[in-house]
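> Here's a structure for you.
The values are calculated or read from the model by the stated rules, or taken from the named source; none is laboratory data. Small disclaimer: the values here were computed from a predicted structure and weren't measured. Here the Cβ positions follow ideal geometry from the backbone for every residue, glycine too, while neighbour counts run over all protein chains shown. All accessible areas refer to the heavy atoms of the entire protein, side chains included, with ligands and DNA or RNA removed. Shrake-Rupley method; radii C 1.70, N 1.55, O 1.52, S 1.80 Å.
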Amino acid sequence: MKKYLMLIVTVLCGLILVACKPTFKGTTVKFRVPSGVISNALQQILPEFEALHEGEIKVELEPVSGGYDGLLTKNIYDLNNKTCPTMTIGYPDHFAVYLSGNGLENLTPYMERDNFDLSDFVKAYLPENQLGDDGEGAYYGLPLNKSTEVMIYNKTVFDIMGYKVPTTWAEVETLGEQILRDCAEKKLDNLEYNDEPVLGKDDKKPSEYLSKGAFYPIAYDSTDNAFITILRQWDAKYTEKVSVSKGYAVFNEEENVNDTVEGLKYFQDLAKRKIFSVAESFDESYASNAFKNLQCLITIGSSAGVGYNVPSGDKFEIGIEPVPYRDEDHKYVISQGTNVCILSQGATQEEKEAAWELIKFLTSVESTVKFCMSAGGYLPIRESAYEDETYKKYLQNPLYKTHADSAKAAKKYRGEELGYSMFVDPAFKGSSTIRTSVGSAFSRIIVQKEDIRTVLNETIKNLGPAYQR
C-alpha cells in the first residue's frame, strides 16, 4: 500500500509541476543563434515579445559567427560544461547530437499542458522534430526558419530563345543539348532586354566561357543536397537510423549500391557532356555569380538565397520553379531550414518555462510572417500564414518579387495534387558527418570525373567502422 501511495504522490507531483506555470519576475532567456540574417530578423520581433510580458521575461540574443557549424561547435562545448544557453536553433542532425548527450528538453509535456495545436503547421516540417527513441513521437523542437530548393532560370534568355522550362531531368538533358548548340553558334552573345544589351561591353560572352570550358546550362549549388536528392529519386537508400545515438551510411551496401551508382552516373555523364555542373565547377561556393555572368542559365539552390541570383542593374529577369525530378513517381525535394529548441543543461525550470513562452510566440502566425518578411526568402511555418493579409501584401510588393516567386514555387511542393514529397532524412548523432562526406564525394564525381565506385568505397572507408553495419 505504501508503495502504491508513493507512486500516486510522485505522479501527482509531476502533474502539478507541468500544470502550474511559474510567475516570471526578471527571468532571462539566453537565445543563441548564428549571426547575420537570422539574428537580424529576430532582433526585429523580440522586443514585441518582451513588451507582451511587461519586462517579466528578457531575451538575451547571442549571435555567434561561423554559421550553423560554428553554432553547433559552441553548443556542444557548452553542453559538456553545462554552461549552455537556454535556447538555440539548428538542423535535425545537430539536435540529434544534443539529444544523445541528454541536452534537449522534451517539449511534449509543455505542448500537452497548453493544448498547443500543431494542425496549422506545415506537415512536412514536423516529423524531423520527433527524433527521440521513446517511441511516443515526442517533440524536441519546432520549426522556425524554413526553406527548400528551387530551380532558378534566366527567364529573359528563355523567353527570347523560346526555351521550355524543364520539369524532369530528361527535359533538362534535351534542353541542355540545345543550349550548348546555341551557345556554340553565338546565339546567346548579343541578347537584349528592354532594348538594352543583357551583357555589357566588358562582359565575357557565353561563347567565350564555352570555349574555355566554363559554360554549363545548369548548375547545382549544394553538393550534399544533390547527392541525397539524387539517391531519393533513383530509389537508393542513403542512411539508416538505429537510434538518436547510432546510425549508418548504407548507400554503398549491396542492396543499394547499384541504384546509387545508376543515379550518380546519370549526372556524371551530363557533366562529361558539359550540361551539368556544381558551384565548384566555377571555383565558387555558390553558382549565383556564374548565373549572373551567363555562365549557366539554370541553377538549383535554396529558396532563402534566390535574391543572390538577381543581377545588378536588372540586366535580365529570373524565373523560379520547382526542381526537376526523375519521373512522376519520384518527385522528391529536400526540406531545409532549422528548428528551435530548449537546451536542458544549465537552465532552471523557470527559464525553460520562459523559453517555451518564447517558442510559442516565435511559431505563431504573426511571428512567422514578420520573420519571413524581415529575413527575406524564408518560408512561413504555418499554412494559414500564406493567407495572412500582411504576408500577401508583402508578396505583392514589386520590391519583393523574387520572394513572391520563390514562395509560389515552394507552395507547389505542398499541394498534394502535384505529387511532390518534401523530405528530411532521419537524424542521428554523426549524420551531419555523413552529409559532409557525400557532398565531397559528389564534387569528385562531377568536377574531377572520378570513378564512382572508387569514390563511394573511399567515402565509406574514410567514414570508418562506426558508420558501417
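> Extending each Cα 7 Å along its Cβ direction at Lys205 and Lys461, get the distance between those two points in nm, one decimal.
It works out to 4.8 nm between the two label points.
> What aspartates and glutamates does Lys331 reach when the alpha-carbon gap must be under 16 Å and sequence neighbours fewer than 8 apart in one chain are set aside?
Of all the aspartates and glutamates, those that pass the test against Lys331 - Cα under 16 Å, at least 8 places apart if same chain - are Glu149, Glu171, Asp235, Glu321, Glu416, Glu417, Asp425.
> Next up: Report the extension gain between Thr28 and Asp269 in nm, rounded to one decimal, defined as 0.36 nm multiplied by the number of residues separating them, less their alpha carbon distance.
81.2 nm
> To the nearest 20 debye, what charge dipole does region 364-469 have about its Cα centre, counting +1 at the Cβ of each Lys and Arg and -1 at the Cβ of each Asp and Glu?
For region 364-469, the charge dipole is close to 300 debye.
> Between beta-carbons, use under 14 Å as the cut-off and find the net charge around Leu79, counting Lys and Arg +1, Asp and Glu -1.
Around Leu79, the charge tally is +3.
> Separation between the Gln396 and Lys411 pseudo-spin-labels, each 7 Å from Cα along Cα→Cβ, expressed in nm?
Result: 1.3 nm between the two label points.
> Provide the net charge surrounding Val150, with neighbours chosen by a C-beta distance below 15 Å and charges set as Lys +1, Arg +1, Asp -1, Glu -1.
Here the charged neighbours net out to +4.
> Okay, next question. Suppose a student asked you for the relative contact order of the chain, using Cα pairs under 8 Å spaced at least 6 residues apart; what percent would you report?
25 percent
> Same structure, new question: Mean separation of Cα pairs under 8 Å and 6+ residues apart, divided by the residue count of region 156-203: what relative contact order is that in percent?
27 percent
> In region 164-265, if the dipole is taken from +1 on Lys/Arg beta carbons and -1 on Asp/Glu beta carbons about the Cα centre, which of Val172, Asn252, Gly263 is farthest to the positive end?
Toward the positive end, the furthest listed residue is Asn252.
> While we're here: As a check on your grasp of the helix formula, calculate [θ] at 222 nm for the chain: sum -39500 (n - 2.57) over DSSP H runs of n ≥ 4, divide by the residue count, round to the nearest 500.
When only DSSP H runs of four or more count, the value is -13500 deg cm²/dmol.
> Could you pull out the pairs from Lys25/Lys360; Lys123/Lys246; Lys74/Lys292 whose alpha carbons sit more than 28 Å apart here?
Lys74/Lys292
> What's the center-to-center distance, using Cα atoms, between region 307-376 and region 407-469 in Å?
21 Å
> Using DSSP to call loops (not H, G, I, E or B), can you name the GluC sites (Glu not before Pro) in region 144-213 whose Cβ has at most 11 other Cβ atoms within 10 angstrom?
Here the GluC sites (Glu not before Pro) that fit, given the DSSP loop and packing criteria, are Glu185.
> Run the quick spin-label model on Glu56 and Leu418: label points 7 Å from Cα toward the beta carbon, then report their separation in nm to one decimal.
4.4 nm
> Moving to a separate point now. With +1 assigned to the C-beta of every Lys and Arg and -1 to the C-beta of every Asp and Glu, and no other charges, what is the dipole magnitude of region 18-122 about the Cα centre in debye, to the nearest 20?
Once rounded to the nearest 20, the dipole reads 380 debye.
> What whole number of Å gives the distance from the Cα centroid of region 145-210 to the Cα centroid of region 265-288?
15 Å
> Related question: Which shape class applies to region 329-469: rounded if a/c is under 1.5, otherwise prolate when a/b exceeds b/c and oblate if not, where a ≥ b ≥ c are the square roots of the Cα gyration tensor eigenvalues?
Judged from the Cα gyration tensor, region 329-469 comes out oblate (a/c at least 1.5, b/c at or above a/b).
> For region 364-453, compute the number of Lys pairs whose alpha carbons are separated by less than 19 Å, excluding pairs fewer than 8 positions apart on the same chain.
Total qualifying Lys-Lys pairs in region 364-453 comes to 14.
> Of Ser285, Leu463, Ser437, whose Cα points farthest to the positive end of the dipole of the chain (charges on the beta-carbon: +1 Lys, Arg; -1 Asp, Glu; origin at the Cα centre)?
Checked the options; the winner is Leu463.
> Work out the length of the dipole vector of the chain about its Cα centre, built from +1 on the beta-carbon of each Lys and Arg and -1 on the beta-carbon of each Asp and Glu, and round it to the nearest 20 debye.
720 debye
> For region 144-183, which trypsin sites (Lys or Arg not before Pro) are in a loop by DSSP, counting at most 12 other Cβ atoms within 10 Å?
Passing sites in region 144-183 are Lys164.
> Can you give the local net charge around Lys429? Use residues other than it whose beta-carbon is closer than 9 angstrom to its beta-carbon, Lys and Arg +1, Asp and Glu -1.
Charge balance near Lys429 sits at 0.
> Please work out whether region 83-128 counts as rounded, prolate or oblate from its C-alpha gyration tensor, where a ≥ b ≥ c are the square roots of the eigenvalues and a/c under 1.5 means rounded, while otherwise a/b larger than b/c means prolate and anything else oblate?
Oblate shape, in that a/c is at least 1.5 and b/c is the bigger or equal ratio.
> Another one. Among Ser384, Phe428, Gly415, whose Cα sits farthest toward the positive end of the charge dipole of region 355-444 (+1 at Cβ of Lys/Arg, -1 at Cβ of Asp/Glu, about the Cα centre)?
Phe428
> At R0 = 41 Å, how high is the FRET efficiency between Lys186 and Lys82 if r is their beta carbon distance? Nearest 0.05 is fine.
Between Lys186 and Lys82 the formula returns 0.05.
> Relative contact order of region 220-327: what whole-number percent is it, with Cα pairs under 8 angstrom and at least 6 residues apart?
Relative CO of region 220-327 lands at 26 percent.
> Going through region 33-113, which chymotrypsin sites (Phe, Trp or Tyr not before Pro) have at most 10 other Cβ atoms within 10 Å and a DSSP loop state?
none
> Once you have a ≥ b ≥ c as the square roots of the Cα gyration tensor eigenvalues for region 172-270, tell me rounded if a/c is under 1.5, and otherwise prolate or oblate according to whether a/b is larger than b/c.
Prolate, since a/c reaches 1.5 and a/b exceeds b/c.
> Of all accessible surface on the chain at a 1.4 Å probe, what whole percent is carbon and sulfur?
Using a 1.4 Å probe with all protein chains present, the chain comes out at 49 percent carbon and sulfur.
> Here's something else I'd like to know. Tell me the per residue accessible area of region 141-273 using a 1.4 Å probe; a whole number in Å² is fine.
Ligands and nucleic acids excluded, the result is 41 Å² per residue.
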